[in-house]
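The values are calculated or read from the model by the stated rules, or taken from the named source; none is laboratory data. None of the values given here were measured: they were computed from a predicted structure. All Cβ positions, even for glycine, are placed from backbone atoms using ideal geometry, and neighbour counts span all protein chains on display. Protein only, heavy atoms only, side chains kept; ligands, DNA and RNA dropped before computing areas. Shrake-Rupley method; radii C 1.70, N 1.55, O 1.52, S 1.80 Å.
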Amino acid sequence: MRNSIIYILAASALVLTCKNFDSADPSPRNTFLKFYEGPYGITAAAMEPIPDGYIIVGNMIVDDVANDTVFVETVIIKTDDRGNRTQDFSRIAGGTGKAIKPLLNSGAVTGYVVVGDVIKVNPLEEQVANVSITSLRGLLLNDNLVLQDTFQVADLRTSPAEIKVDFTGEALEVTDDGRIIVLGTSKRAVPNQQTQPAEPFIIAYKNGKTPDWFKRYELNDRTSQNSRSIHYNNGKIIWATAIADVAGDFVNSWVGIPIIDENSIYPNFSVIGQNTNTDQLFVPKDIQPANSTSFGGYGVIGTYSDDQEGAKGNIFFLRVDINGNIIPGSDRYFDAVQLDGSNSALTNRDESFAIDEGEAITATQDGGFVLAGSVTANSNKNLLLIKVNAFGDLVWYKTFGGGGDEVPATIRETAAGDLVICGTNTLGNYSTVFLMKTDKNGELTN
């Protein structure tokens with residue numbers, strides 16, 4: 001059955017719709033479109049280019065019927081520059097993988113670091129808050145994807161009377177001198193832990209897994225949801241987060257751009273949307289540096305909705321300067337149906353004709369950005385790419401879709417100016433990881 005699913009997907013699932021200022025010829029059939037399946041469904045978490053191809057991290061939920069158990073495995077996929085797998089999957093049980101980075105020495109890959117988390121459940125715990133405990137987990141692999149070592153951020157107290165802190169791992173950065181910087185969130189050790197704010201923390205490692213420094217940041221009882229990426233530049237650390245007044249629920253959330261000095265006590269924030277609505281969803285998903293030849297700084301993508309459940313979602317884009325300040329007036333909002341009618345950004349961000357969600361972003365060599373998200377059409381999620389210039393003005397957009405749902409996790413521009421997108425295709429209850437390449441105009445390439 002799975003072979004037939006892959007055949008259907010490869011043959012017809014991702015159908016290109018071209019919507020830009022000039023009509024385009026249909027894309028050729030012989031295209032760069034790869035699918036990676038396992039014995040169970042795999043969802044994509046992140047992808048990064050490496051000198052000879054791509055490295056992908058995903059997650060597989062294993063239903064072990066024989067032992068009456070279900071558990072998560074982190075799956076690492078390594079490919080050549082054509083997307084062909086160069087070796088078997090690396091499967092590491094015990095938790096999730098959310099971000100991956102190569103470890104480089106003089107431009108050569110010496111290994112990989114993965115960050116995610118582990119959830120341990122014990123229904124017999126004395127404290128209800130300890131029935132489910134989450135810890136950050138890091139994996140250090142060699143260039144052949146063999147696990148060499150692990151590191152963790154966990155509450156190691158053993159007294160059954162003490163409530164433990166929950167930690168999750170979400171994003172990471174590797175500096176030029178080989179240090180590993182990890183972004184996560186934590187929940188306080190109190191009886192009503194489930195409703196407590198999720199607060200960001202940063203931990204930095206040197207020499208592989210040796211902790212260098214750790215800082216946790218309180219948000220005055222507000223809760224946060226961090227972006228899938230974090231960046232280090234000249235001693236500054238920057239990421240994007242959603243901040244909300246109501247712990248555990250993103251009611252009236254807004255965008256914050258924290259920027260900190262290494263090992264600093266508290267981050268500076270630039271915000272947008274904090275005082276503009278009493279009931280909104282405003283969640284950034286990715287932040288990436290602009291091309292060095294453009295204005296510099298960063299581009300941010302996410303989802304905005306005046307409905308707290310996201311039912312009226314639009315994709316948003318905004319620019320951040322090199323000092324972490326949101327550039328006034330840089331925010332743009334996109335709805336796929338509105339794009340069909342006007343080829344422009346929304347003039348009223350609260351208008352929504354389709355459910356659009358922003359997931360990933362990459363800078364382009366011409367100073368612009370390409371946004372990757374999804375649009376829900378006919379009960380399916382289709383991949384949506386939006387090209388904007390340095391000012392956020394629309395240049396072109398494309399949709400790709402077919403059977404099932406297509407949701408991107410990462411988009412990157414190659415040195416040749418092509419675009420590589422990694423994500424998840426879900427058909428029924430079975431998920432596969434896809435990797436596809438387009439040219440700079442969003443046309444599928446060979």
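Some notes on this structure:
- From most to least packed by mean Cβ count within 10 Å, the peptides 102-111, 411-420 give 411-420, 102-111.
- Solvent exposure of the chain, expressed per residue, is 43 Å² of accessible area, with all protein chains present and a 1.4 angstrom probe.
- Measuring between their Cα centroids, region 323-374 and region 165-213 lie 30 Å from each other.
- Length-normalised contact order for region 142-185 - Cα pairs under 8 Å, 6+ apart - percent: 26
- Average Cα contact separation per residue, the chain, under 8 Å, 6 or more apart, as relative contact order %: 13
- All lysines inside 26 Å of Lys206 as judged from Cα atoms, apart from same-chain residues fewer than 8 positions distant: Lys78, Lys98, Lys101, Lys187, Lys215, Lys236
- Ignoring aspartates and glutamates fewer than eight residues from Lys398 along the same chain, the ones with Cα atoms less than 14 angstrom from its Cα are Asp22, Asp25, Asp335, Asp340, Asp356, Glu406, Asp439, Glu443.
- Placing +1 on each Lys and Arg Cβ and -1 on each Asp and Glu Cβ, with no other charges, gives region 76-153 a dipole about its Cα centre of roughly 200 debye.
- Here the dipole of region 218-356 is about 480 debye; that uses its Cα centre as origin and unit charges on the Cβ of Lys and Arg (positive) and Asp and Glu (negative).
- Sulfur and carbon atoms: percent of accessible area, the chain [1.4 Å]: 48
- Sorted on the mean count of surrounding Cβ atoms within 10 Å across their residues, most packed first, peptides 176-185, 141-150 read 176-185, 141-150.
- Computed about its Cα centre, the charge dipole of the chain is approximately 620 debye, with only Lys, Arg, Asp and Glu carrying charge at their Cβ.
- Highest-first arrangement of 32-43, 129-140, where packing means the average Cβ count within 10 Å: 129-140, 32-43
- Distance between region 117-157 and region 82-99 - C-alpha centres, whole angstrom: 19
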